[in-house]
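Worksheet: one structure, shown below.
What follows draws every value from the coordinates through simple rules; no lab data is involved. Bear in mind that the values here come from a model prediction, so they are computed numbers and not experimental data. FYI the Cβ positions are ideal-geometry reconstructions off the backbone, even for glycines, and counts take in every protein chain you see.
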Amino acid sequence: MRYTKKSALRTAAAVLALGMISTAAVRAEDAALANKLDPNAKEIDDKVLAASAAVKVEDGKYKDKDGDPTFHIVNDGKKVDWFMYSGYRRYHAECHVCHGPDAMGSTYAPALKDSLKHLNYSEFMGILAGGKQDVNSSDQKVMPAFADNKNVMCYADDLYVYLRSRAAGAWGRARPGEHEDKPDSAKATEKDCLGG
Ligand code: HEC
C-alpha cells in the first residue's frame with residue numbers, strides 16, 4: 001500500500017514536470033511564430049491580426065488555429081514569408097487591374113483589404129473559383145470565375161495570405177523586399193498544379 005502511494009506520487013510529480021516542459025516548449029514556439037511588425041504600422045486591425053496569428057509552420061507555410069494559411073512578418077516588418085511575397089506578385093499580375101494596386105479597390109471592384117476582414121478562407125476560395133455578380137445591381141460589374149485559370153488557382157493560398165496581411169493592416173502599400181526562400185513543398189505543389 002505504501003509503495004503504491006509513493007509511486008503514484010512519483011508519477012504525479014513526473015506528469016507535472018513533463019507538463020511544465022511542454023508548456024515552456026509551446027511558449028518558445030509561440031514566440032518564434034509571433035509577427036514582428038513595423039513599430040510604425042498605422043492601420044492595424046487588432047481583431048483580424050489576432051485571428052491571423054500563426055500557430056504552426058510546416059516547410060515555410062504558416063497556418064492559423066483553424067489550419068488556414070496565414071502570413072508571417074519579422075525583422076520589424078522588413079521580412080515576410082514566401083507565400084505572402086508570392087501573393088503580392090500574383091495579386092499585381094492578376095487582380096489589381098480591377099481591384100486596384102495594393103488591394104485598395106477601384107470604381108469597378110471592391111477593396112479586398114476590406115473584404116478580407118469578413119471573408120473567411122473557404123468563402124474567398126469559393127468566390128475566386130466561382131466568381132461573383134451582384135444580381136440586384138443595375139450595373140454589370142462581374143468578378144470573373146478563375147477555376148480554369150492556373151495562374152490564379154495554383155497560387156490561391158498565396159493570394160489569400162497576402163490579402164489577409166493587408167486586411168490585418170500588418171502590411172502597408174509596399175512591395176515586400178526581403179522574404180523567406182521558396183520552400184521545396186511550394187516548388188513541388190506548383191509543378192503538379194501547373195503541369196497537371
Ligand atoms: C475583371 C475585373 C476583376 C478581376 C480581374 C478580378 N476581380 Fe475580383 N471582383 C470583381 C468585381 C466587380 C467584384 C464585385 C462583385 C460583386 O460583388 O458583385 C469582385 C469581387 C471579388 C471578391 C469578393 C469581395 C467582397 O467583398 O465580397 C473577391 C474575394 C475577389 N473579387 C478576389 C479577386 C482576386 C483574388 C482576383 C485576382 C486573382 C480578382 N478578384 C480579380 C472584379 C474583378
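The modelled label-to-label distance for the pair K132/H92, using points 7 Å beyond Cα in the direction of Cβ, is 2.4 nm. On the principal axes of its alpha-carbon atoms, segment 34-195 has extents of 47, 40, 28 Å, going from largest to smallest.
What relative contact order, as a whole-number percentage, does segment 119-196 give when Cα pairs under 8 Å and 6 or more residues apart are counted? Spell out each step's value before the answer.
Working: 44 pairs, mean separation 18.9, N = 78.
Result for segment 119-196 is 24 percent.
Summing Cβ point charges (Lys, Arg +1; Asp, Glu -1) relative to the Cα centre of segment 67-135 gives a dipole of roughly 160 debye. The alpha carbon centroids of segment 163-188 and segment 93-148 are separated by 20 Å. Under a 5 Å amide H cut-off, with hydrogens placed 1.01 Å from N, I73 pairs with K36 among residues at least 5 apart or on other chains.
Considering only the Cα atoms of segment 31-99, their convex hull presents on average a projected area of 5.5 nm².
Across segment 50-183, C-alpha contacts under 8 Å between residues 6 or more apart give a mean separation that, scaled by the residue count, equals a relative contact order of 32 percent.
So how do S52, S138, S165 line up by other beta-carbon neighbours within 10 Å, fewest first? Each step should come with its number before you reach the end.
Numbers: S52 24, S138 5, S165 31.
In increasing order of surrounding Cβ atoms, one gets S138, S52, S165.
Of the peptides 84-96, 143-155, 101-113, 37-49, the order by per-residue mean of other Cβ atoms within 10 Å, starting with the highest, comes out as 84-96, 101-113, 143-155, 37-49. In straight-distance terms, cross-link reach from K65 covers every one of the aspartates and glutamates whose alpha-carbon lies under 19 Å from its own, apart from those fewer than eight places away in the same chain; here that gives E29, D30, D45, D46, D81, E123, D157, D158.
Set the bar at 18 Å for Cα to Cα. Now go through K42/K113; K47/K117; K78/K191 and name every pair that lies beyond it. Walk me through the intermediate numbers first.
Numbers: K42/K113 14 Å; K47/K117 9 Å; K78/K191 29 Å.
From the list (K42/K113; K47/K117; K78/K191), the Cα-Cα distance tops 18 Å for K78/K191.
The three principal axes of the Cα atoms in segment 80-157 give end-to-end lengths of 41, 25, 23 Å, sorted in falling order.
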